Amino acid sequence: MREGLGPEPQPRPLPGLPRVQGDLGNVPQRGRRRRRRVRRPVVTTPRTIVVVRHGKSSWKTNDPDIGRPLSSRGTRDAVVAGQQLARLTFDVALVSPATRAQQTWSALQMGGVSCADVRTTDALYHAWTPEVTGLLRELPDAARTVLVVGHEPTLSDLILTLSGPSADRAAIEEKFPTSGVAVLVHDGDWSGLAPGAARLAAFEVPRG
């Protein structure tokens, strides 16, 4: 059993200010002291992407694919996923319009997840990684943590494209199960999100 997702990643402390240039002991003529030129460090706040595959769906229906609901097990699993993610503060949630994805979002809320900015995103039902990455790049700078609820094989391809090698990556290459949760961390602005730019911080498969 892998470790839980852990607390929301915090900004990394930066090293101290760079050394001041010039000879600080040299007092300029005419009694005027030279101003110290201090180069301020650039503070970068990590962006967190929590990727959740919808819960297990029911095949006991005549509904079209987009209308298939969750099974009882799928709902239970998604509630447990919500309990594990409840400690995080989500600024934006992007959710596929498919019924099973919308019901997964509802189950995540039952587990304790909340978000004021929930967007039903058609692209998550039929798009591939470049389109989803484009959606993430367009997120507002103020957004720090985003939830993505969607489908396979797009989600695993998104995770593998954005992250570098790791043990969890190898597991996702093998399978990204229903209700699977992956946490990606990107140390930069959304606009800089690119292949290999993020790290896979956690991977969990909740079961109820």
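Here are some notes:
- Selection within the stretch 146-165: residues that are in contact with a Ser or Thr (Cβ under 8 Å, 6 or more places away or on another chain) and of a type in the set (A, V, I, L, M). The member of this set that is nearest to residue 65 (Cα to Cα) is 149.
- Matching entry among 185, 132, 181, 149 (being touching a residue at least 60 places away in the same chain (Cβ under 8 Å) and more than 22 Å from residue 79 (Cα to Cα)): 185
- Selection from the stretch 90-126 of residues that are surrounded by fewer than 21 Cβ atoms within 10 Å (Cβ to Cβ), in contact (Cβ under 8 Å) with a residue 40 or more places away in the chain and closer than 20 Å to residue 161 by Cα: 125
- Scanning the stretch 56-89 for residues that are touching a residue at least 40 places away in the same chain (Cβ under 8 Å) and more than 23 Å from the chain's Cα centre (by Cα) yields 57, 66, 73.
- Some residue of the stretch 35-49 being assigned to a loop (DSSP other than H, G, I, E, B), modelled with pLDDT of 95 or more and closer than 19 Å to residue 150 by Cβ: no
- Inclusion of residue 129 among residues that are closer than 18 Å to residue 178 by Cβ and surrounded by fewer than 20 Cβ atoms within 10 Å (Cβ to Cβ) is not warranted.
The values are calculated or read from the model by the stated rules, or taken from the named source; none is laboratory data. Just so it is clear, the structure is predicted and the values come from calculations on it, not from any experiment. No Cβ is skipped: glycine too gets one built from the backbone with ideal geometry, and neighbour counts run over all protein chains shown.
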